[in-house]
């Protein structure tokens, strides 16, 4: 019934006393997520908006049994916050922070490799299993319990597709925002594998962006390992080369990473691609309505 | 962020990477003085943030100080047009005057991020002076790559392999290894997203020099490099991009006539795409961010509507944190304050959408609302066309 997070997930918010951390810790709790407290170095022992605060992640894990870190620490401290969560043995680390230097992420990714922690993000909206747990900044009310797994590099565009799905009465198993940075913790491939293995996910909606080759690699994985229907959209079909389109990772460099290339790679492996972002929900409905099989 | 060649060369020198002796000039007289000091043949190079300068007449060889002055007076103030500049070109405000080198061989060296491997890669090729994309396509065996260790960096044996691969020997080999190591030190220390030396040359007297230098930096890391922020040249950027960056807005000017205001980078790109699919052309990319205030929305509106090409505006907002009623408030205030007469199509969804729609409907302003982004795009493209004819 979903992937990565559910009603048993115990969330610790790093940077809970900041403006963003406070706001979203409360929204997550309202949704029904088990938010066990937070960490702000120097404010340990206090209570903030009803949440207990600890000085270190290690202490917090011991005291609360948290198994998921949700990070709102500003860019200069974000890499360190991820490392601290990993050091405390946190199985899942979700980093919302936008603007983490790429060189920091290269080191963090290497430090986490082979270890027990999975990182989602940075520069991502987080993830949500509708009806169970919202661990991130997405508006909870647009989601609906169901069988479509959503994985995306973008934030608001993910809300857009969720809205389109919900309006057609197509609920979601889990929605994962993997983030818009060039180096991130969890790739499309890892999320696709989880959706493929999740008995309650019946179809997968994948939203990519220009820049890099993550979508091409995901397409190769779909060909070899995914039997569930996959619908894909790539934004940035009209983006000019050499310009960073908001996200650090969304840039067409050296003529590589165009939307057209990515759409072709997806189509070549039988992923149903969507030309217009207004048709994402309708396409999933069509693919699921006609048959439950992958379309050629 | 990009910097000029003369700024890049100063950084190279600071990190012990040899570059030809030279200096920057913003008048022909100053160029003459520099050439006089150098006392040799010189190269006068236009300083703009774009490649392809040589073919466009932005680089000239001069035999002496008088020649340097003449070359500088031709280049300074010219509107340089290369495949990498905007169609109208960029005005040249300064030139770099350097000692001309007697070149024996031209090589290529660059450093950047390999996204797939999530680490830094150093690339070298004995086929210097050419477009590296062409080399990669035609003769991929001529490119040598060394992926660096994420924590340990570039090992000495890797620097040696690169230098051997470049065909360097003897004294030039030693210089090459040192240069590669120092350049990688610069790449890491300054959070570069790209360092490209094309060409790296071996001179006839056996020296290894960076003849050109292209540096760009990770924008996310600029907070820890105030020394680099000071090198920013806003003359090289679109004035509207510069204005938007003052208000924390992510704006990129494009060539179309439909202005776009969107929250979130992915949705902003998707909005541009859907305008194109509806038969129009987006005038800009604009991400107002997740928690935009009414002031930011007003500034965003002012900036995108000050582009004279814009004939109609499409607002596409999925309000999560950004509530639709606050968006409506910002839009109404902006349209009133700026006295905007061009058509505006608003598509909004999410938190407090009913209240937001009601506010727009009751504002008495000529705002067209659209229930989804497909309908909104069709409407705004039609309105932009009508406005163009009228």
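Bear in mind these aren't lab numbers, they're just calculated from the coordinates by the rules spelled out. Since the model is a prediction, treat every value here as computed from it, not as a measurement. All Cβ positions, even for glycine, are placed from backbone atoms using ideal geometry, and neighbour counts span all protein chains on display.
Pairwise inverse Cα distances across the range B:112-228, averaged and inverted, put the Kirkwood hydrodynamic radius at 15.0 Å. Run the Debye formula on the Cα coordinates of the protein assembly as shown, all scatterers equal and no solvent, and tell me log10 I(q)/I(0) at q = 0.05, 0.07, 0.08 1/Å. Per q value, in the given order, log10 I(q)/I(0) is -0.26, -0.51, -0.67.
Here the Debye sum runs over all C-alpha atoms of chain A as equal scatterers in vacuum, and log10 of I(q)/I(0) at q = 0.17 Å⁻¹ comes out as -1.37.
For chain B, averaging the sequence separation of C-alpha pairs within contact (under 8 Å, six or more residues apart) and dividing by the residue count gives a relative contact order of 12 percent.
What fraction, in whole percent, of alpha-carbon pairs in the range A:225-296 exceed 21 Å separation?
That tail contains 35 percent of the Cα-Cα pairs.
The length gained by stretching the chain between residue B:336 and residue B:242 to full extension, at 0.36 nm per residue less their Cα-Cα distance, is 31.4 nm.
DSSP finds beta bridges in chain B, and of those with both partners inside it, around 75 percent are antiparallel.
Counting, for every residue in B:219-230, the Cβ atoms of other protein chains within 10 Å of its Cβ and taking the mean gives 3. The base-10 log of I(q)/I(0) for the range A:106-256, evaluated at q = 0.08 Å⁻¹, reads -0.21 [Debye formula, identical scatterers on Cα atoms, solvent excluded].
The distance separating the Cα centre of the range B:324-390 from that of the range A:174-202 comes to 36 Å. For the range A:99-164, the calculated P(r), taken from all Cα-Cα distances in 5 Å bins from zero up to the bin holding the longest distance, is 3, 14, 24, 20, 15, 12, 10, 3 percent.
Each DSSP beta bridge with both residues in chain A is either parallel or antiparallel, and the antiparallel ones are about 20%.
Peptide A:158-166 has a mean of 4 when you count, residue by residue, the C-beta atoms of other protein chains within 10 Å of its C-beta. The value for the range A:64-181 of Rg(Cα) / (2.2 N^0.38 Å) is 1.09.
Find, to one decimal place in angstroms, the Kirkwood hydrodynamic radius of chain B, where the mean of 1/r is taken over every pair of different Cα atoms and then inverted.
23.8
Relative contact order of chain A: 14 percent, from C-alpha pairs under 8 Å at least 6 residues apart in sequence.
Look at where the Cα atoms of the range B:49-78 and of the range B:214-267 average out, and the two centres are 29 Å apart.
Translational diffusion coefficient, Stokes-Einstein: compute it for the range A:1-127 using the Kirkwood radius over C-alpha pairs as Rh, at 10 °C and 1.306 mPa s, and state it as an integer in µm² s⁻¹. Diffusion coefficient, whole number: 111 µm²/s. Note on residue B:189 and residue B:354: the extension gain reaches 54.3 nm, defined as 0.36 nm multiplied by sequence separation minus the Cα-Cα distance. When the Gaussian network model of chain B links Cα atoms closer than 10 Å, the mean-square fluctuations of B:344, B:95, B:43 top out at B:344. Largest GNM mean-square fluctuation among B:322, B:152, B:179, using chain B with Cα springs under 10 Å: B:152. DSSP beta bridges confined to the protein assembly as shown are antiparallel in about 50 percent of cases. Here is how the number arises for chain B: DSSP H runs of 4 or more residues each give -39500 (n - 2.57), the sum is divided by the residue count, and the result at 222 nm is -11500 deg cm²/dmol. Using the alpha-carbon positions of the range B:260-330, Rg (one decimal) and Dmax (whole number) come out as 11.7, 32 Å.
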